[in-house]
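Colleague: First the structure, then my questions, so here it is.
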Amino acid sequence: MQINIKKIEPADVKSEILAIALYQDESLPFAEITKGIRKEEFTGKSGQVSIIDSQGKTNFRKVLLYGLGESKEFNLDLLRRFGGTALRYAAGIKTTSLSISANIVEVNSSDAVQAICEGAILANYKPIQFKSKQDDYFELKEFDVISKENIAEYVNRASILANSQNYVREINENPANIATPQKLAEHAKNLAKQNKLDITILEKKDMEKLKMNAILGVNQGSPLPPVMAILEYNKGKMNLPLYAVIGKGITFDSGGISIKPAKGMQEMKYDKTGAVTTLGIAKAVSELKLPIRLVAVFTATENMPSGSAQKPGDIVTAYNGKTIEVLNTDAEGRLILSDTLSYIAKEKKPEVMIDLATLTGAMIVALGKYRIGLFSNDDTVSNALYGAGEKTFERVWRMPMDKEYSEMIKADFADIKNIGSEGGEAGSITAACFLKEFIGETKWAHLDIAGVDNIAERHAYLDKGASGIGVRLVCEALEKMAKK
Ligand code: BES
Ligand code: ZN
Ligand code: ZN
């Protein structure tokens, strides 16, 4: 979507719709058209929308007033919602002429414009790729943003970040019959070509040679081979700090022999969210031209039951030599990540490694759908992610990893087991402790994105379906870490 920057006064806007955001105690602008509005009609409470026709008295035809609530409770996400609401209103009445004012009292213009543009671009995406009648859906091709300052850089940042998030949503919305592991590898190759990234693909035979038996064990029940894709940005620029992002790419999680109940199983097409998100991060980081080196990696496979599938009780030796007793084939994410994390830690030696995974249902029990579970062995990395979450509103909450939890994954017949003892108590933490066995000495953070990978009801700027969460969060954190 094209965003035009206009350095003009709101009163000079000639669009069909002008959108303005106001705090609860702000007086209404454009007296010539708003003087008849009673205070009760537009109180400015958070999220309130009022549309006023100017009846020819102003240059624009209608003004959309958006309530920001009390100024002391302001947060930037209100502006994402404002951008999303304005865009959806314009799309709803099928107009192509929208101007959004980024002049927000007491908010710096760069933050304001970035949040508004992110909200608008995110709201313009709808999960309609499989609808046969595309004409029923109206999309805006462009809009104007009004500001007094020089904001081009922040419009550009918003475009890169929100478009990368939409790219993740679109790929992730593909169900398992379309988004096979091979198809995800194709997406990685296309991105590498488009954005001039280096790429290495490990096929099944490579994994056999490298003894990635944990991945191969999960893959055993599927007729489709597994794949690991490794994208590299600024490869070889050794003066830049190296970061790695690693994603869980289960293209469908049936549970395997420890099969899941039928109800809701369709949602397990989103079990590849971590993987797709690493592609979105690689896209955004390379387009933002961040001064870092980045390795973006995912491992993709189905988790299926069949005559050849892995069985409860099976013991596999992972890439780093640790033996794992597979007591539940549905705890497969940690298995494929064990080989991936230990391989990347050893081969690439990144300064920091961040993994993203829809890892445990227990995460949803703990935090619901409003915060991502964060697990880390390093305070600096953890704080960077926390701060980034508050800014991007992809909020995280750090979880404990005391050694008692690691005790819970000690196995009877192997080094570790893939589920905790005590009947699933602290299930997200024992899963994170399992991953920790495979990172060596690397600084690391694990983001358990189960529960936030897709949304059941649309809100002001995200539709139902794949959320694309994590792209803005991790990019912001990487940028912050690189500056230190
Ligand atoms: N992909 C699931 C976790 C999940 C559940 C993601 C619900 C999103 C929504 C994961 O592979 C899984 O099945 N985990 C098991 C682990 C258990 C067997 C220890 C779980 O959470 O039940
Ligand atoms: Zn599972
Ligand atoms: Zn899974």
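Colleague: What number of residues in region 225-257 are within 16 Å of ligand 3 (Cβ to nearest atom) and in contact with a strand residue (DSSP E or B) (Cβ under 9 Å, 6 or more places away or on another chain)?
Modeller: In the first step, residues of region 225-257 are kept if they are within 16 Å of ligand 3 (Cβ to nearest atom); the result is 226, 246-257.
Filter once more, keeping what is in contact with a strand residue (DSSP E or B) (Cβ under 9 Å, 6 or more places away or on another chain): 226, 246-256.
The qualifying residues number 12.
Colleague: From (1) away from ligand 1 (no atom under 15 Å from the Cβ); (2) open to solvent by less than 50 Å² (accessible area, probe 1.4 Å), pick out the condition that doesn't hold for residue 238.
Modeller: Single failed check for residue 238: (2).
Colleague: For residue 28, work out the one condition from (1) in contact with a strand residue (DSSP E or B) (Cβ under 6 Å, 6 or more places away or on another chain); (2) open to solvent by less than 60 Å² (accessible area, probe 1.4 Å) it doesn't fulfil.
Modeller: The one condition residue 28 does not meet is (1).
Colleague: What are the residues in region 409-424 that are free of Cβ contacts under 8 Å to residues at least 12 places away in the same chain and either charged (D, E, K, R) or under 17 Å from residue 341 (Cα atoms) (or both), if any?
Modeller: Result: 410, single match.
Colleague: Among the residues of region 430-451, which ones are part of a helix (DSSP H, G or I) and either open to solvent by 10 Å² or more (accessible area, probe 1.4 Å) or modelled with pLDDT under 95 (or both)?
Modeller: Answer for region 430-451, where residues must be part of a helix (DSSP H, G or I) and either open to solvent by 10 Å² or more (accessible area, probe 1.4 Å) or modelled with pLDDT under 95 (or both): just 436.
Colleague: Could you figure out which of (1) farther than 18 Å from residue 204 by Cβ; (2) within 13 Å of ligand 2 (Cβ to nearest atom) isn't true of residue 288?
Modeller: Here residue 288 clears every test but (2).
Colleague: Just to be sure I understand the filter: pairs with C-beta atoms under 8 Å, separated by 6 or more residues or on different chains, first member in region 304-333 and closer than 22 Å to residue 362 by Cβ and touching a residue at least 40 places away in the same chain (Cβ under 8 Å), second member among the basic types (Lys, Arg) and open to solvent by less than 20 Å² (accessible area, probe 1.4 Å). Which pairs pass?
Modeller: Correct list of pairs: 333/248.
Colleague: Okay, moving on. Could you list all residues from region 235-264 that are at negative phi and within 11 Å of ligand 2 (Cβ to nearest atom)?
Modeller: Result: 248, 250, 252, 253, 254, 258, 259, 260.
Colleague: Hey, another quick one. Please indicate, with yes or no, whether at least one residue in region 405-416 is within 29 Å of residue 122 (Cβ to Cβ), charged (D, E, K, R) and either out of contact with any strand residue (DSSP E or B) (no Cβ under 6 Å at 6 or more places or on another chain) or surrounded by fewer than 18 Cβ atoms within 10 Å (Cβ to Cβ) (or both).
Modeller: So the first thing to find is which residues in region 405-416 are within 29 Å of residue 122 (Cβ to Cβ), and the list is none.
No: zero hits.
Colleague: Can you spot a residue in region 223-231 that is open to solvent by 10 Å² or more (accessible area, probe 1.4 Å), more than 29 Å from residue 454 (Cβ to Cβ), touching a residue at least 60 places away in the same chain (Cβ under 8 Å) and not in a strand (DSSP E or B)?
Modeller: So the first thing to find is which residues in region 223-231 are open to solvent by 10 Å² or more (accessible area, probe 1.4 Å), and the list is 223-225.
Then keep just the ones that are more than 29 Å from residue 454 (Cβ to Cβ); that gives none.
No, because not a single residue in region 223-231 is open to solvent by 10 Å² or more (accessible area, probe 1.4 Å), more than 29 Å from residue 454 (Cβ to Cβ), touching a residue at least 60 places away in the same chain (Cβ under 8 Å) and not in a strand (DSSP E or B).
Colleague: Can you tell me which residue among 351, 287 is in contact (Cβ under 8 Å) with a residue 12 or more places away in the chain, among the acidic types (Asp, Glu), within 22 Å of residue 187 (Cα to Cα) and open to solvent by 10 Å² or more (accessible area, probe 1.4 Å)?
Modeller: Values: 351 fails: within 22 Å of residue 187 (Cα to Cα).
Going through 351, 287 in turn, just one is in contact (Cβ under 8 Å) with a residue 12 or more places away in the chain, among the acidic types (Asp, Glu), within 22 Å of residue 187 (Cα to Cα) and open to solvent by 10 Å² or more (accessible area, probe 1.4 Å): 287.
Colleague: Could you tell me which of the residues 160, 121 is part of a helix (DSSP H, G or I), surrounded by fewer than 23 Cβ atoms within 10 Å (Cβ to Cβ) and touching a residue at least 40 places away in the same chain (Cβ under 8 Å)? First the steps, then the outcome.
Modeller: On the way: 121 fails: surrounded by fewer than 23 Cβ atoms within 10 Å (Cβ to Cβ).
Matching residue, one of 160, 121: 160.
Colleague: Can you work out which of the residues in region 295-310 that are part of a loop (DSSP other than H, G, I, E, B) and more than 16 Å from ligand 3 (Cβ to nearest atom) is least open to solvent (accessible area, probe 1.4 Å)?
Modeller: To start, the set of residues in region 295-310 that are part of a loop (DSSP other than H, G, I, E, B) comprises 304-310.
Now narrow it down to the ones that are more than 16 Å from ligand 3 (Cβ to nearest atom): 306-308.
Numbers: 306: 46, 307: 87, 308: 63 Å².
Out of the qualifying residues, it is 306.
Colleague: For region 313-328, which positions are open to solvent by 40 Å² or more (accessible area, probe 1.4 Å) and within 16 Å of ligand 3 (Cβ to nearest atom)?
Modeller: Scanning region 313-328 gives 327, 328.
Colleague: Just give me the residues in region 193-219 being in a helix (DSSP H, G or I), over 22 Å from residue 314 (Cβ atoms) and open to solvent by 40 Å² or more (accessible area, probe 1.4 Å), in sequence order.
Modeller: Of everything in region 193-219, those that are in a helix (DSSP H, G or I), over 22 Å from residue 314 (Cβ atoms) and open to solvent by 40 Å² or more (accessible area, probe 1.4 Å) turn out to be 193, 194.
Colleague: Now, a different point. Picking from 466, 456, which residue would you name as being surrounded by fewer than 23 Cβ atoms within 10 Å (Cβ to Cβ) and within 30 Å of residue 139 (Cβ to Cβ)?
Modeller: Answer to the check: 456.
Colleague: Give me the helices (runs of 4 or more DSSP H) completely within region 311-417, filtered to those with at least 2 residues that are at pLDDT 95 or above, more than 16 Å from ligand 1 (Cβ to nearest atom) and under 14 Å from residue 430 (Cβ atoms), ordered by residue number.
Modeller: 403-407
Colleague: Okay, next question. Just to be sure I understand the filter: pairs with C-beta atoms under 9 Å, separated by 6 or more residues or on different chains, first member in region 247-259 and in a strand (DSSP E or B) and open to solvent by less than 10 Å² (accessible area, probe 1.4 Å), second member within 7 Å of ligand 1 (Cβ to nearest atom) and among the small types (Gly, Ala, Ser). Which pairs pass?
Modeller: 248/333; 250/333; 253/333
Colleague: Pick from 331, 366, 357: which is open to solvent by 20 Å² or more (accessible area, probe 1.4 Å) and either at negative phi or away from ligand 3 (no atom under 16 Å from the Cβ) (or both)?
Modeller: 366
Colleague: Out of the residues in region 42-66 that are on the phi < 0 side of the Ramachandran plot and touching a Gly at 6+ places or on another chain (Cβ under 6 Å), which is least open to solvent (accessible area, probe 1.4 Å)?
Modeller: Out of the qualifying residues, it is 48.
The values are calculated or read from the model by the stated rules, or taken from the named source; none is laboratory data. From a predicted model like this one, the values you see are computed outputs, not experimental measurements. With ideal geometry, Cβ positions are generated from the backbone for all residues, glycine too; neighbour counts draw on all protein chains shown. The protein model used for the area step is the full one, side chains on, heavy atoms only, and it has no ligands, DNA or RNA in it. Shrake-Rupley method; radii C 1.70, N 1.55, O 1.52, S 1.80 Å.
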